[in-house]
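Single-structure report; data block below.
The values are calculated or read from the model by the stated rules, or taken from the named source; none is laboratory data. Keep in mind the model is a prediction, meaning the values are calculated, not measured. Glycine gets a Cβ as well: all are built from the backbone with ideal geometry, and neighbour counts include every protein chain shown.
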Amino acid sequence: MQIAFAIIAALTLVSAIAAMSLRNLVHCALCLALAFAGLAAFYLQLGAAFAGWAQVLVYIGAVAILIVFAILLTRSGEGTPQPILSRSWGVGIAIAVLVFGVLAKAIMSSSLTSNSLLQKMPSKPEPTVHQIGDQLMTRYVLPLEIIGLLLTAAAIGAVIIAMKDAGKGQLTGPRAKATQMEIPPQSNNASSASHELEEVRS
Amino acid sequence: MIGELFNGLMLMIWKVLTDQPDPKADFLAALPERARPLVAAILSITPILMIFPGLFAATTWLERKGLGRIQNRLGPNRVGPFGWFQPIADGLKMLTKEDIVPRNADKVVHFLAPVVLLVPTLLAFAVLPYGRNLVPINLDAGMLFFFAVGASTELSIFMAGWASRNKYSLLGAMRAIAQMISYEIPLILSSVTVIMIAGSLSLVAIVQHQAGYTFGLVPHWYVLTPWGFAGFVIFIIASLAESNRSPFDLPEAESELIAGHLTEYSGFKYALFFLAEYLGMFAMCGLATTLFLGGWRAPLPFLEIVPGYIWFFGKLILLVFLFIWIRGTVPRLRVDQLLNLAWKFMLPMALLNLIVAAIWHYTGAWDFPSALLWRWLLCAGMIAGPYYWLGRGLTGRAKLVKRNYRFAD
């Protein structure tokens, strides 16, 4: 068990570091997908099969593909070589430590880790898919609905951005896509990436 | 020791052939305690690694013969009787070919792509129930596992297309990914109906739920219900697109893109892609069999003495033959037609089918006379009506007239 944990941990950490430091953006995206797979392996090792496979389905099946599409559609060629360490690395580390601290504090102070609750449970509970579904549909139905609404709003927003562009340019349909691939916009922000992806999908 | 092992092996083969519970027990009992988990896993993996590539070889022969018959020619007939040894000859040819990697290619990613594609495709076979007791692993979230490993093949197609440094490869990979993402949604939504009715993500439980016969004659397979039939059709169309088969073979359209993401692959790497594509098709057909066609269950009550795996593989091969038939019949779609079909037709129909499945579930409590008939009519009408209007609406009120063939008559 310990050996498996060590192997998965090493794999996840190495691929995460590679995802930050490699020069080629597509290599970074592939390494990130490997890091996602390592996280899924952690969930599986903890006996959370549903969370593990959902992680594979969502992160490797969808998020990694989205990142790769965004890279391909927003960058032309290799781009100018930049130093691996960004100038504001000090601020970055400070923010990372801060976020880690807040998350760690939240986890440590949650009721799940307090001793009284752990003592009440005689053994590790085995969460089944049935129980997870039951909880999602009864106790956590409101958060679930809100997340659904948020995602729908994001999808509609992406469609609206894509539609505006199609109206401005004379070209529509596959021709418009082809010209956009030849002259990719240089902006790298998330909204333009999602809009490009949406256009490819539609 | 050797004698015990041999006895255990023979008993195991006998138990597998007659579909008895726990076939591995006697063989494992003869082994030392520490080796048992590993050997048990190998015993589950080996048949999958033997049977499905074997089925792949048989299918290439069947496909070439079938397409030949459809196109009014003979098909392979030089190697062995009726060309039976053609797959072996093809395999040897692939093995002896030179492995060419483009000079500008990203060598590591180019090498990894076929491997990364094949491994998840093989993993998908782990959760399918092949018989009453022939289930490699009965996962609680079996269906989620199947779709999760299926989704991770998309990244490897991208890897193949991008690492080749070839415009045809990259265009083919982009097309393949856009197509796979689009058709994954109707695929999963049509399977969700089965989960709703069966109340489980475990494929074993889903097959269990399709047991029994109405009037001792009609099996309780989901394909024989209105929502199940619609779901089955949506599932088959979407799985055709997922496995990049004709009429959805745009990613490899020879006349436009040479061979899409396969352009820069040669020798055995190409064979691995080919193998993974067919294995993916078998996995999809296996899932369709399990979800809608009753899995390993017999079509008639008195046929239940025949072992379940014969029914499972029989249905699987029938579906594969259906795929070959469609490939020989339907012309290739354009990209815009492909995506329009997915988002404007299949997605609304799949969403509607979810509602119909819910109605079917709740009308199960009706108990007035001829309730079954009304339940059927309601659900079938809810699918047939929108199907008609949506289909007519999307063709743009084009007049459908009989086609005149000038040369083919």
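Note on region B:301-409: enclosed helices (runs of 4 or more DSSP H) holding 2 or more residues that are closer than 21 Å to B:M284 by Cβ and either modelled with pLDDT of 90 or more or of a type outside the set (S, T, Y) (or both) are B:308-329, B:335-340, B:347-362. Among the residues of region B:180-200, those identified as within 17 Å of A:I60 (Cα to Cα) and either free of Cβ contacts under 8 Å to residues at least 40 places away in the same chain or among the charged types (D, E, K, R) (or both) are B:I181, B:E184. Name every residue in region B:102-130 that is more than 16 Å from B:F282 (Cβ to Cβ) and either outside the structural domain of B:S202 (by TED's automatic domain parsing) or in contact with a helix residue (DSSP H, G or I) (Cβ under 6 Å, 6 or more places away or on another chain) (or both), in order of residue number. Across region B:102-130, the qualifying residues are B:A105, B:D106, B:V109, B:H110, B:A113, B:P114, B:V116. Hey, any hits in region B:78-97 for a residue that's within 14 Å of another protein chain (Cβ to nearest Cβ) and assigned to a helix (DSSP H, G or I)? No, region B:78-97 has no match at all.
Filter region B:54-64 down to the residues that are touching a residue at least 24 places away in the same chain (Cβ under 8 Å) and surrounded by 15 or more Cβ atoms within 10 Å (Cβ to Cβ) and list them by number. Once the filter is applied, which keeps residues that are touching a residue at least 24 places away in the same chain (Cβ under 8 Å) and surrounded by 15 or more Cβ atoms within 10 Å (Cβ to Cβ), region B:54-64 yields B:L55, B:F56, B:A57, B:T59, B:T60, B:W61, B:L62, B:E63.
Being in a helix (DSSP H, G or I) and either polar (S, T, N, Q) or at pLDDT below 80 (or both) holds for only one residue in A:L73, A:L57, A:L30, A:L34, and it is A:L73. Taking the numbered list (1) in contact with a His (Cβ under 9 Å, 6 or more places away or on another chain); (2) surrounded by fewer than 23 Cβ atoms within 10 Å (Cβ to Cβ) in turn, B:Y265 passes all entries but (2).
Counting only residues that are within 7 Å of chain A (Cβ to nearest Cβ) and touching a residue at least 60 places away in the same chain (Cβ under 8 Å), region B:161-179 holds 1 of them. Scanning region B:191-204 for residues that are over 11 Å from B:M143 (Cα atoms) and either of a type in the set (A, V, I, L, M, F, W, C) or at pLDDT 85 or above (or both) returns B:T193, B:M196, B:I197, B:A198. Would you be able to say whether some residue in region B:242-255 is in contact with a helix residue (DSSP H, G or I) (Cβ under 7 Å, 6 or more places away or on another chain), at pLDDT 85 or above and within 14 Å of another protein chain (Cβ to nearest Cβ)? Yes, that holds for at least one residue.
Go through region B:16-43 and give me each residue that's loosely packed, with under 15 Cβ neighbours inside 10 Å and under 26 Å from the mean Cα position of the chain (by Cα). Within region B:16-43, B:L17, B:T18, B:A41, B:I42 qualify. Of all the numbered requirements in (1) crowded, with 21+ Cβ neighbours inside 10 Å; (2) under 26 Å from B:L347 (Cβ atoms); (3) within 11 Å of another protein chain (Cβ to nearest Cβ), B:V194 misses one, and that requirement is (3).
Here B:I188 meets the list (1) within 10 Å of chain A (Cβ to nearest Cβ); (2) buried (at least 21 other Cβ atoms within 10 Å of the Cβ); (3) modelled with pLDDT of 85 or more almost entirely, failing just condition (2). Would you check which residues across region B:299-318 are farther than 17 Å from B:V135 by Cα, of a type in the set (A, V, I, L, M) and in contact with a Phe, Trp or Tyr (Cβ under 9 Å, 6 or more places away or on another chain) and list them? Hits for region B:299-318 are B:L300, B:L303. Within region A:13-27, restricting attention to residues that are part of a loop (DSSP other than H, G, I, E, B) and not charged (D, E, K, R), the residue that is surrounded by the fewest Cβ atoms within 10 Å (Cβ to Cβ) is A:N24. For region A:128-152, a residue qualifies if it is among the β-branched types (V, I, T), away from every other protein chain (no Cβ under 14 Å) and closer than 28 Å to B:N138 by Cα, and exactly one does: A:T138. The set of residues in region B:356-395 that are among the hydroxyl-bearing types (S, T, Y), farther than 16 Å from B:G231 by Cβ and surrounded by 14 or more Cβ atoms within 10 Å (Cβ to Cβ) contains only B:T363. Tally time: how many residues in region B:78-101 are polar (S, T, N, Q) and surrounded by 14 or more Cβ atoms within 10 Å (Cβ to Cβ)? Counting residues in region B:78-101 that are polar (S, T, N, Q) and surrounded by 14 or more Cβ atoms within 10 Å (Cβ to Cβ) gives 1. Applying the condition of being surrounded by fewer than 17 Cβ atoms within 10 Å (Cβ to Cβ) and assigned to a loop (DSSP other than H, G, I, E, B) to region B:102-133 and asking which residue is nearest to the other protein chains (Cβ to nearest Cβ) yields B:N104.
The set of residues from region B:6-43 being touching a residue at least 12 places away in the same chain (Cβ under 8 Å) and part of a loop (DSSP other than H, G, I, E, B) comprises B:T18, B:D19, B:Q20, B:P21, B:D22, B:P23, B:K24, B:A30, B:L31. Looking at B:A148, B:A178, B:A163, just one residue is under 14 Å from B:V109 (Cα atoms) and in the same structural domain as B:A124 (by TED's automatic domain parsing), and that residue is B:A163.
For region B:257-269, does any single residue satisfy the condition of being touching a helix residue (DSSP H, G or I) at 6+ places or on another chain (Cβ under 9 Å), on the phi < 0 side of the Ramachandran plot and without any contact (Cβ under 8 Å) to a residue 40 or more places away in the chain? Among the residues of region B:257-269, not one is touching a helix residue (DSSP H, G or I) at 6+ places or on another chain (Cβ under 9 Å), on the phi < 0 side of the Ramachandran plot and without any contact (Cβ under 8 Å) to a residue 40 or more places away in the chain, which makes the answer no.
Out of region B:134-160, which residues are facing chain A (nearest Cβ under 8 Å) and not in a helix (DSSP H, G or I)? If the condition is that a residue be facing chain A (nearest Cβ under 8 Å) and not in a helix (DSSP H, G or I), then B:L139, B:D140, B:A141, B:S152 are the ones that fit.
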